[in-house]
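What follows draws every value from the coordinates through simple rules; no lab data is involved. Because the structure is a prediction, the values reported are computed rather than measured. Note that we place each Cβ from the backbone using ideal geometry, even for glycine, and neighbour counts take in every protein chain shown.
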Amino acid sequence: MEDEQSFSDICGGRLALQRRCYSPSCLEFCLSCPRITLRSLTAVTCTVWLVAYGLFTLCENSMILSAAIFITLLGLLGYLHFVKIDHETLLIIDSLGIQMTSSYASGKESTTFIEMGEVNDVVINEAIYMQKVIYYLCILLKDPVEPHGISQVVPLFQDFGASGFTRQQGTRRGRILTVFHPGLALAVSNSLSRCCRF
Amino acid sequence: MGLVSRGAAEAGLGAASAVDRPGPPDAVPNPIPTPPAEGADLGSSRGPGMVLKAFFPTCCASADSGLLVGRWVPEQSSAVVLAVVHFPFIPIQVKELLAQVQQASQMGVTVLGTWCHRRQEPEESLGHFLEGLGAIFSHKPWFQLCRERGSKSWSCKATRWQGPASPAASGEDQVMLIFYDQRKVLLSQLHPPTALPNCQAGDTTASAGGLAAVFDTVARSEALFQSDRFDEGPVRLSHWQSEGVEASILVELAKWAAGPVCLLLACLLSLISAASACRVFKLWPLSFIWSKLSTCEQLRHRLEQLTLIFSTRKAKNPAQLMRKDLIGQLADALIPVADHVAEELQHLLQWLMGAPAGLKMNRALDQVLGRFFLYHIHLWISYIHLMSPFIERILWHVGLSACLGLTVALSILSDIIALLTFHIYCFYVYGARLYCLKIHGLSSLWRLFRGKKWNVLRQRVDSCSYDLDELFIGTLLFTVLVFLLPTTALYYLVFTLLRLLVVTVQGLIHLLVDLINSLPLYSLGLRLCRPYRLAAGVKFRVLEHETGRPLRLLMQVSIACILPCSLKGLREPA
C-alpha cells in the first residue's frame, strides 16, 4: 500500500512523504526533497566565475581562471556528495528495529539502525527556532544503566531540518494526538505505535 | 517515487520494487497476529506479540532440500538457521551430530524445520515426507521453508503443533525472512565478548538481546562449520564453509614462522627499550638534550609503535634519501647555506652598528656588542668549515634512520635546522640576558628614585630612606642605564625576531609531523583490505515482495566511517 502526501518544511520548501506498507509488520516512510535546480546551479557558477574574472583583470594571471574552474567542479562534487540530501527513508520492522537511511544526491547512502530493544519511546518534541515553535519527531533510547531512564534523543529526518513543521493546534506527547490536519508526525508516529509495542 | 534499484543483487534475490497492495488506502492493517488459542500447549515461550523471524544464511539459498538446523531464540521469537542437512540422512546420526555440536558450543542447536528447493509443483509424496519429519524431530514452532528453483518466490510456514490438523488451522503464523551472510557476520565479530568462565552450560541469552543473540549464535557454532562436503561423514551439511574450509597455505606458513620471528623482534625491542630506560640517560644534561631534540621524541614514539604492532606501515618510503648522490648534493648544499646565513647575519650586525632605522645608538656599547657577536659568527663559520668533510657521511647515516618513516625524516630536518641556527639562539640568549639585567636594574633604581625599596621578605614594595651618597650613585647609574637602553633594546628586538623566525619554521615542521602521525593510515588500510574489521552495526534492505508471500529482508553489515567527521547517519548501536 502506497500513498503520497506533500508538506512544506520550516523554511518553506516543498517536501513529499511517501508511505509504503510491505507487510503488516514492515512499514517504510520516504521523505524526499526537491532536486537541485538549474537556476541555482547557474547562479552559483556565474557568481564564482565573475569573481574569478574580476580577480583576473586585476592580476593578469590566468591561473585564477583555472583555479575557479577547479573550485567550481570540486565544490559541486563535494556538495552533491556530502551536503545535498535526495531523500531520507525510515524503515520500521516489527520487533527488529528502526532504520534511517539518508541518500545523498551523488548516490551515497548512510544508514543507522536502532534495535527495538533500545527504543524507549517515540515522541513529538517541541523546539524554538527563530521566532516560532516547531515540532519534530524523535526517538528516545533506553539507558543501559537505569531501566526507566533515557540515554539519548535521536531526532528523525534531521538532515532536512524538515521534520519540524508548523501546525495550528497543540499536541501531546506520544501517540495520542489531536492534530488539526494529518501531519507528518501523525502519520509516522501512529504507524510506529502500531508497529512497535513498547 | 520508488526506491532506486541498487547494484549487484545476491544470487536469486532481487532488488526491492514498489508493489501495490490490495485494500482500501486508508485501512489500518492489523499487525498484531492473533495468538493461538492453546497458549498452554506451547512448548516454547515467545515474546509477547512479536512476529516470527527466521534468519536464513544466503549461502543456503541455493542448497538442495533438507532439514534446517539452527537455534531458536524464544525471547526474540526468532529462529537462526545455521546449516541445512541434506537427504538422505539417518535421524539418529543427525541427532548425534547435534548433540556433539551442542556440547562443543554450549548452545542449544536443534532441527528447526524443513527446507524444500524444488523444480515445479510439489510432489505429494515429498510433501507428506516432509510433514512426517516434523514428527521425528519435534520442535515448536516447526518451520517449512520452500522455494521454487529458478524463481524468486519463497514461501514459509510456521506451525505451532503437529498432528492431523487442517492446514488452515490457526497454528500458522506470519513469518519474516531475514537473509544474512554467515561469513561476514562471523568475521565482523559484532557478537558480545565470550561468556565468563563461571556461566553454566546452556543458553545465556539473558544478557544478549535482540540482534546480539543472533550474532552470538552464529559465532559460537564454529563446531558446526568444521565439516565440508568433502568429508566422509554420515551427515551432509550445507553452510558457508561447505565448499571447503577456508584456509591458505601461505597463512599456515606465516603462522608457523610468526612465532619465532615475533619472539626475536620482541627480544630486540625489549633490549632497546631497556637500554634507553637505563638511569644514565636520565641524568640532567642528557635528559635535557633528549627533551630538546625532536628526533629523540619521534624515535621514542616509533619504538612504542613497533613494540605494540610488529608490522607498522611506513608513512612513506624515502628510499631515495639513501642514494649516495642525493646525500652528496644535500651535503654540498648545506655549507653554502650556512655561509649565506652567517653572511646575512654579519650584514645585519654592520647595520646595527651604524645608525639602524635612523636611530642614534651609543657608539661604545654598540661597537662592543657588535664586535662580540661578529666574533661569534666568525667562530661559527670556522666550525662549519672544519666539519665540512664529515658532513656527507653524517648525513648518510642520519638518512638511514629515515627508513622509519617520513615523520622521522622531518624531525631530523627540524633538528638540523636547530643545530645550524645555534648561533642565532646564542645571540638571542645574550641579548635577552643583557636586556633582562638592564630592566631589573632600571626598575630597582627607579624605585630608589621614588624612595622605595623591594622587600624580599615580604615580597612587596616598601618605603625606605636612603643616604645621600646612595641616592647620588643610584641616580648616576639610573641615568647611565636609561641612556644605554635603546641600544640594548634594539639588539634584543632584532635577535628575538630572528629566533622567532627559526622557532616558527621548526613549529611548522612539528605540525606537519603531528599531522602525519594522526593520519588514519591503519584504518584506511583496513578499509581496503579487511572491511569487516571496521564493522559497526547492521542495516536491512527489503527484497522483492509479493502479496501472500512472506516478507524477505537482507541483513548487511555496515562499515564504520574512518574519519571522525560529523556524519549524522552513522552511529554504533549499543
## Note on the structure
Contour minus Cα-Cα span, B:Glu544 to B:Ala99, at 0.36 nm per residue, comes to 156.5 nm
### Task
Please turn the phi angles of the stretch A:17-25 into ³J(HN,Hα) values with the Karplus equation 6.51 cos²θ - 1.76 cosθ + 1.60 (θ = phi - 60°), one per residue in order, whole Hz, x for glycine and proline.
10, 10, 10, 10, 10, 6, 7, x, 10
### Summary
Going residue by residue through the stretch A:42-53, the Karplus relation 6.51 cos²θ - 1.76 cosθ + 1.60 with θ = phi - 60° gives ³J(HN,Hα) values, rounded to whole Hz and with x marking Gly or Pro, of 4, 4, 5, 4, 5, 4, 4, 6, 5, 4, 5, 5
### Message
Take the residue pairs A:Lys84/A:Lys108; B:Lys152/B:Lys184; B:Lys53/B:Lys539; B:Lys53/B:Lys157; A:Lys84/B:Lys539 and return only those whose Cα atoms are more than 18 Å apart.
### Response
B:Lys152/B:Lys184; A:Lys84/B:Lys539
### Query
Residue separation times 0.36 nm, minus the C-alpha to C-alpha distance between B:Phe129 and B:Met387: what's the value?
83.4 nm
### Task
Give the cross-link partners of B:Lys438 among the lysines, using a straight C-alpha distance below 23 Å as the criterion and excluding same-chain residues fewer than 8 apart.
B:Lys360, B:Lys452, B:Lys453
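With an 8 Å cut-off on Cα pairs and a minimum separation of 6 or more residues, tell me the relative contact order of the stretch A:31-152 in percent.
Computed over the stretch A:31-152, the figure is 14 percent.
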### Query
Pulled fully out, how much extra length does the chain show between B:Leu485 and B:Ile272, if you take 0.36 nm times their separation in residues and subtract their Cα-Cα distance?
71.4 nm
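Would you list B:Asp64, B:Asp181 from fewest to most Cβ contacts within 10 Å?
Fewest-to-most Cβ neighbours within 10 Å comes out as B:Asp64, B:Asp181.
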## Note on the structure
Note, B:Leu112: beta-carbon cut-off 13 Å, +1 each Lys/Arg, -1 each Asp/Glu, net +4
### Message
Please list, ordered by chain and number, the residues whose modelled amide H lies under 5 Å from the amide H of A:Leu156; skip anything fewer than 5 residues away on the same chain.
### Response
A:Leu137, A:Cys138, A:Ile139
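Would you work out the relative contact order for the stretch B:411-518, in percent, from Cα pairs under 8 angstrom that are 6 or more residues apart? Don't jump to the answer; show the numbers that get you there.
Working: 70 pairs, mean separation 43.1, N = 108.
Answer for the stretch B:411-518 is 40 percent.
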### Task
For an R0 of 45 angstrom, estimate the FRET efficiency from the Cβ-Cβ distance between B:Gln367 and B:Trp290 and round to the nearest 0.05.
0.65
### Message
Can you give me the distance in nm between label points at B:Leu263 and B:Leu419, each placed 7 Å from the Cα along the Cα-to-Cβ direction?
### Response
4.0
### Message
Whole-Hz ³J(HN,Hα) for each residue in the stretch B:465-473, computed from phi via Karplus 6.51 cos²θ - 1.76 cosθ + 1.60 with θ = phi - 60°, x for glycine and proline: what do you get?
### Response
9, 9, 6, 5, 5, 4, 4, 4, 4
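Can you give the relative contact order of the stretch A:80-123 as a percent, counting alpha carbon pairs under 8 Å and 6+ residues apart?
34
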